[in-house]
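Asker: This structure is in structure tokens; I'll ask about it shortly.
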Amino acid sequence: MSRGPGRIERAIATALATAPPGATFSLSELGALVYPEVTQVRRRIRRRWYSYEVNAYSIERRHRVALWRAAKRVVPGLWWDWTMPHEPEADAVFFNRCDAQSRALAKIRRFHPWEGPDKWHARLAAGDLGHHWNSLSQCEREAAASRAARDAQISPSAALEAEKRADRAAWVKCFPGRPVQKQETFNCFDDGNKFAIHEQLADVLRSLRSLPSENDPDVMRARMGEIAQALEAVLNAVSQGEAPLERAA
């Protein structure tokens, strides 16, 4: 039987609920608020041809495991979220979904995790959010949508799912030459279509296994062409949400 939020969950909830506007937290920064023994240290980041020192925290693996477990329970209900950085050694960044400045700083910290608060805010003032598809206007629209969903008492998980779909659609628009498939058209995994696709792939597998026994190059080329056509039919069927109608010889 659950006894309610633990000490770490309560500490994280207090830090996020009392955070000033535009605030963001890395996992290590939350650890410094929860664990008194976590202090700020200098850390050397090594690359292949160079290395440099940055400000970091003396957080251990056991701290990270406990913080992640608690944060995943607390963060969504407070209308916060997290983003993973592009640097392998950096921490996840938590941001307020209803605050445009917090969203923008999280995007900056995602691409530039080691620069520090001064450079992050300088980038924010310049409108440089780390990548060409990120913009302040986009952050303001997303924050306004989150506030509207919160005021309408929509569950945070449902609002987050809708936001991710909209974010993916906006990201795909950056590649105008690539066709977009609607997710709801992928209905090819019901029982009947799954069986048909399985039979088609089984025929292809049997054809592949019989190739080593063929000694005639012309026969092998013909069989390879049949296999390529069968695989193309399967791929087309999956992309269109339909079952393949023809089977490989």
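Asker: Starting from the Cα-Cα distance between S207 and V219, subtract it from 0.36 nm times their residue separation and give me the gain in nm to one decimal.
Answerer: Gain in length upon complete extension: 3.1 nm.
Asker: Now for a different question. Once you treat every alpha carbon in region 113-173 as an equal point and sum by Debye, what is log10 I(q)/I(0) at q = 0.29 Å⁻¹?
Answerer: After summing over all Cα pairs, the log10 values are -1.12.
Asker: Shifting gears a bit: Straight-line reach from K164: which aspartates and glutamates fall under 14 Å, measuring Cα to Cα and dropping same-chain residues less than 8 apart?
Answerer: Partners within reach: D81, E142.
Asker: What percentages, rounded to whole numbers, describe P(r) for region 7-172 computed over all alpha carbon pairs with 10 Å bin width beginning at zero?
Answerer: Percent of Cα pairs in each bin: 10, 37, 36, 15, 1, 0.
Asker: Then there is this: Please give the charge dipole size of region 19-87, origin at the Cα centre, charges +1 on K and R Cβ atoms and -1 on D and E Cβ atoms. Round to the nearest 20 debye.
Answerer: Working: 12 positive and 6 negative charges, 81 e Å.
Using Cβ point charges on Lys, Arg, Asp and Glu, region 19-87 gives about 380 debye.
Asker: Let me know the whole percent of all Cα-Cα pairs from region 24-73 that are separated by more than 15 Å.
Answerer: Details: 613 of 1225 pairs.
Tail of P(r) above 15 Å: 50 percent of Cα pairs.
Asker: A follow-up question, please. Measure out, as a whole number of angstrom, how far apart the alpha-carbon centroids of region 111-157 and region 4-55 sit.
Answerer: Result: 19 Å between the Cα centres.
Asker: Which ³J(HN,Hα) values, rounded to whole Hz and listed in residue order, are derived for region 95-104 from phi using the Karplus coefficients 6.51, -1.76 and 1.60 in 6.51 cos²θ - 1.76 cosθ + 1.60 with θ = phi - 60°, glycine and proline given as x?
Answerer: Whole-Hz 3J(HN,Hα) from phi for region 95-104: 9, 7, 5, 8, 10, 5, 5, 5, 4, 5.
Asker: Along Cα→Cβ, 7 Å out, is where each label goes; now give me the distance between the ones at D118 and L231 in nm to one decimal.
Answerer: Between D118 and L231, the label points sit 5.6 nm apart.
Each reported figure results from applying straightforward, stated rules to the coordinates on display, with no laboratory input. Computed from a predicted model, the values in this text were never measured in an experiment. Backbone-built Cβ (ideal geometry, glycine too); neighbour counts: all protein chains shown.
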